[in-house]
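Let me begin by presenting the structure, written as structure tokens, before commenting on it.
The values are calculated or read from the model by the stated rules, or taken from the named source; none is laboratory data. Given the structure is predicted, the values throughout are model-derived calculations rather than measurements. Every residue, glycine as well, gets a Cβ built from its backbone with ideal geometry; the counts of neighbours run over all protein chains shown.
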Amino acid sequence: MKQTVTRQLVTLPLLLGCVGSATAADSLNVSKLIEAAQHEAPITVYDSTGKILKQAKAFSEKYGVKAIGIKAKAPQILEIISREAQAGNVKADVAFLSDAPAATQQLLAKGYVYSWTPADLKNHIDATYQNPLTVVLAPNVWAYNTAQYSECPITNIWQLTEPKWRGKVTMQDPLGKPSYTDWFNQMATHYDQQVAAAYQQEFGKPLQTDESSATAAFVQALAENGPLLTHSDSDSAQAIGAPDVKQSFVGLISTAKFRNNKDGMKLGLCHGLKPFAGWSYPSLGLIAKGTHSPNAAKLFIHYMLTSEGIAPQGVDGKMSTNNQVDLPHNEPSGIANYRQEIMGYQTSSAKSDWQSRQDWQDLWNLSYHK
């Protein structure tokens, strides 16, 4: 039995690593992957969402391959994988990490993990999300209170820098939320022209600034306008969408918070906003290089890229990078209708995002006024 499994471990990565459209050969390769995975030890899978417990259980029942899901915050996952790799004692087989810059620099760059994209799905995943593999995109969107407004009260993010909205914008504190500084850097690196164009559209004149970019000028102006900073999306969502709120806020929150509308919250998505209605941050799917169950690990990655695998997260508005997978029709934010309005994350500049975090935090900290 051991000899058979060893042969499968050698040949399967070669078979499944090829590029091409989905064919009968691809299906055969997946079948071989399942067969090989069933001869391997159980795997441990880490993610920052508690949904991973449900997903691991469903995976185990579907394939007869034992997977144990563990919820942990991104910094904990990074530390666990790093320490296990350094000790040569790998217990964490698969990790889904929402901190792409840290994952690329602290894990991939050091050779502790590797990225793998299933051959049968490559034609359905944008090349931007293949190296390293992004499995899920989690949108953060601008939101408003539907009990106070019939539609979103803003049409352009630059309006949030004006006196009318001073102290009436809410979001998580960028000093404690690295993905927010990554958002700033992504805008400056890839979308700065759109930010500048939105300024001209709003004010009727080109942006004049001493800052290094239109994005930096926006970040500075937003911070100077004294937004309400919170420690969690839940707190920001409460400030925006509570049915009895007295002061109207708009703000940035995860689409996951829209599920609270069934309990009386009044959250609405600000679509049509210039230049973007929000932004998404990626969750990378990574496999530990020292795993004793490489085929089971790959099979789990493949599973998470299917409709069935991602379903527990899809109800929170989290979008699969597999373009064959749609969000559930009952997803409460309605983000599926406005997917093209969301600023995408480009992992090509993840290193720059990592290196510039402190610079963006400094700009925010120096500019912020309550």
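Of all residues in the stretch 40-57, those satisfying the criterion of being in contact (Cβ under 8 Å) with a residue 24 or more places away in the chain and surrounded by fewer than 17 Cβ atoms within 10 Å (Cβ to Cβ) are ALA41, PRO42, LYS54. Going by what's in this entry, would GLN186 be described as more than 26 Å from SER248 (Cβ to Cβ) and without any contact (Cβ under 8 Å) to a residue 60 or more places away in the chain? Spelling it out, it is not the case that GLN186 is more than 26 Å from SER248 (Cβ to Cβ) and without any contact (Cβ under 8 Å) to a residue 60 or more places away in the chain.
Here is the figure for the stretch 103-120: residues that are crowded, with 22+ Cβ neighbours inside 10 Å and either on the phi > 0 side of the Ramachandran plot or in contact with a Leu (Cβ under 6 Å, 6 or more places away or on another chain) (or both) total 3.
Entry remark, the stretch 320-370: residues being touching a strand residue (DSSP E or B) at 6+ places or on another chain (Cβ under 9 Å), of a type in the set (A, V, I, L, M) and more than 14 Å from TRP183 (Cβ to Cβ) number 4 in total. Do the conditions hold for LYS205, that is, is it assigned by TED's automatic domain parsing to the domain that holds ASN145, more than 30 Å from ALA336 (Cβ to Cβ) and at pLDDT below 95? So LYS205 fails the test. Spot the failing condition for ARG7; the list is (1) surrounded by fewer than 16 Cβ atoms within 10 Å (Cβ to Cβ); (2) in a helix (DSSP H, G or I); (3) modelled with pLDDT of 95 or more, and only one is missed. Status for ARG7: all satisfied but (3). Among the numbered conditions (1) more than 30 Å from GLU40 (Cβ to Cβ); (2) modelled with pLDDT of 95 or more, the only one that THR128 does not meet is (2). Looking across the stretch 341-352, the residues that are assigned to a helix (DSSP H, G or I) and not charged (D, E, K, R) come down to THR347, SER348, SER349, ALA350, SER352.
Which count do you get for residues in the stretch 123-161 that are assigned to a strand (DSSP E or B) and touching a residue at least 60 places away in the same chain (Cβ under 8 Å)?
15
Filtering the stretch 171-203 to residues that are more than 24 Å from GLY344 (Cβ to Cβ) and crowded, with 21+ Cβ neighbours inside 10 Å leaves nothing.
Filter the stretch 38-59 for residues that are part of a loop (DSSP other than H, G, I, E, B) and in contact with a Phe, Trp or Tyr (Cβ under 9 Å, 6 or more places away or on another chain); which is nearest to HIS292 (Cα to Cα)?
GLN38
Taking the criterion of being more than 26 Å from SER31 (Cβ to Cβ) and surrounded by 14 or more Cβ atoms within 10 Å (Cβ to Cβ), the residues of the stretch 60-74 that qualify are ILE70, LYS71, ALA72, ALA74. Applying the criterion of being buried (at least 19 other Cβ atoms within 10 Å of the Cβ) and among the hydroxyl-bearing types (Ser, Thr, Tyr) to the residues of the stretch 136-170, the residue that is nearest to GLU224 (Cα to Cα) is THR161.
What about GLN200, is it polar (S, T, N, Q), in a loop (DSSP other than H, G, I, E, B) and either modelled with pLDDT under 95 or over 20 Å from MET171 (Cβ atoms) (or both)? Considered against the rule, which asks whether it is polar (S, T, N, Q), in a loop (DSSP other than H, G, I, E, B) and either modelled with pLDDT under 95 or over 20 Å from MET171 (Cβ atoms) (or both), GLN200 comes out as no. Taking the stretch 304-340 as the search range and keeping residues that are buried (at least 20 other Cβ atoms within 10 Å of the Cβ) and part of a helix (DSSP H, G or I), which one is farthest from the chain's Cα centre (by Cα)? Filtering first and then ranking leaves GLY309. When the strands (runs of 3 or more DSSP E) confined to the stretch 228-295 are screened for residues that are buried (at least 24 other Cβ atoms within 10 Å of the Cβ) and more than 19 Å from the chain's Cα centre (by Cα), none reaches at least 3 such residues.
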